[in-house]
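The values are calculated or read from the model by the stated rules, or taken from the named source; none is laboratory data. Nothing here was measured: the structure is a model prediction, and the numbers come from that model. Virtual Cβ from ideal backbone geometry, glycine too; neighbours counted across all protein chains shown. Ligands, DNA and RNA are excluded from the accessible area calculation, which covers all protein heavy atoms including side chains. Shrake-Rupley method; radii C 1.70, N 1.55, O 1.52, S 1.80 Å.
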Amino acid sequence: MLQGDRLQLRPLARGDLERLDLINREPAVARWWRPGEFERWPLDDDEEGFAIVVDGEVAGLIQCEEETEPDFRHAGIDLFLTSRLHGRGLGAEAITVLARHLINDRGHHRLVIDPAAANATAIRSYERVGFRPVGVMRRYQIDPASGDWGDNLLMDLLAEELEGG
Ligand SMILES: CC(C)(COP(=O)(O)OP(=O)(O)OC[C@H]1O[C@@H](n2cnc3c(N)ncnc32)[C@H](O)[C@@H]1OP(=O)(O)O)[C@@H](O)C(=O)NCCC(=O)NCCS
């Protein structure tokens, strides 16, 4: 269990799938995160998932993927939070808690995140944690809303740049 001021991150369990699928299908979440990946267990094993727990309730998902090749070692993060909890700084807090763990406990020196370039709320949230835009990856991800290829913004954070690390 990774502890934050207002939330905890705990390893995902099979019992979380139904709740995560419901959150994923909320319009403000489905807009940026295509629903449908919480239908089978175990999940895609490249990513390591954590349930975001707020007041004892599963409120979202945060996941990380580690590149272990020594010359390119880094970790990537992604997340979603139930819409009713947006706008309270909880997304930024969840990222900070996981980033702290990846840096302090797993020894990473660099973290990345790659929101859709049009996802202004997420980009603002990641900048609040200390992530900086690196560049636009053109036609990188199918936009769940339009079905067309969309651009994503690659952002990174170095260990010493973590706000409140
Ligand atoms: C990405 C996501 C998790 C970010 O969470 P969020 O709650 O929107 O953003 P934050 O946690 O940074 O909170 C920021 C907002 O809370 C407000 N806020 C309120 N209380 C706050 C507090 N105690 N501390 C910090 N911010 C606070 C800030 O003013 C800010 O609002 P603004 O940026 O709209 O001005 C969330 O928007 C989400 O789940 N989106 C849908 C899925 C998605 O896009 N996932 C990312 C794919 S890359």
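Check whether at least one residue in the range 126-144 is touching a His at 6+ places or on another chain (Cβ under 8 Å), in a strand (DSSP E or B) and not aliphatic (A, V, I, L, M), and report yes or no. No, because not a single residue in the range 126-144 is touching a His at 6+ places or on another chain (Cβ under 8 Å), in a strand (DSSP E or B) and not aliphatic (A, V, I, L, M). Against the definition (in contact with a Gly (Cβ under 8 Å, 6 or more places away or on another chain), open to solvent by 20 Å² or more (accessible area, probe 1.4 Å) and small (G, A, S)), how does A117 come out, yes or no? So A117 fits the description; yes. Tallying residues that are within 14 Å of the ligand (Cβ to nearest atom) and either more than 19 Å from S83 (Cα to Cα) or open to solvent by 70 Å² or more (accessible area, probe 1.4 Å) (or both) within the range 13-36 yields 6. With respect to the conditions (1) open to solvent by 70 Å² or more (accessible area, probe 1.4 Å); (2) part of a strand (DSSP E or B); (3) farther than 17 Å from F131 by Cβ, R88 falls short on a single one, namely (2).
For the condition more than 11 Å from the ligand (Cβ to nearest atom) and assigned to a strand (DSSP E or B), what is the one hit in L98, L154? Testing whether each residue is more than 11 Å from the ligand (Cβ to nearest atom) and assigned to a strand (DSSP E or B) leaves just L154.
You will find that of A94, A116, A120, the residue that is closer than 21 Å to A59 by Cβ and either modelled with pLDDT under 95 or not acidic (D, E) (or both) is A94 and no other.
Taken as a whole, the structure leaves I52 outside the set of residues that are crowded, with 17+ Cβ neighbours inside 10 Å, touching a residue at least 40 places away in the same chain (Cβ under 8 Å) and farther than 27 Å from A159 by Cα. The set of residues in the range 18-52 that are modelled with pLDDT under 95 and of a type in the set (A, V, I, L, M) contains only L43.
Listed conditions (1) exposed (fewer than 12 other Cβ atoms within 10 Å of the Cβ); (2) touching an Asp or Glu at 6+ places or on another chain (Cβ under 8 Å); (3) closer than 27 Å to D148 by Cα; (4) at pLDDT 95 or above are all met by D5, apart from (3).
Only one entry of G107, G165, G147 meets the criterion of being surrounded by fewer than 18 Cβ atoms within 10 Å (Cβ to Cβ) and modelled with pLDDT under 95, and that entry is G165.
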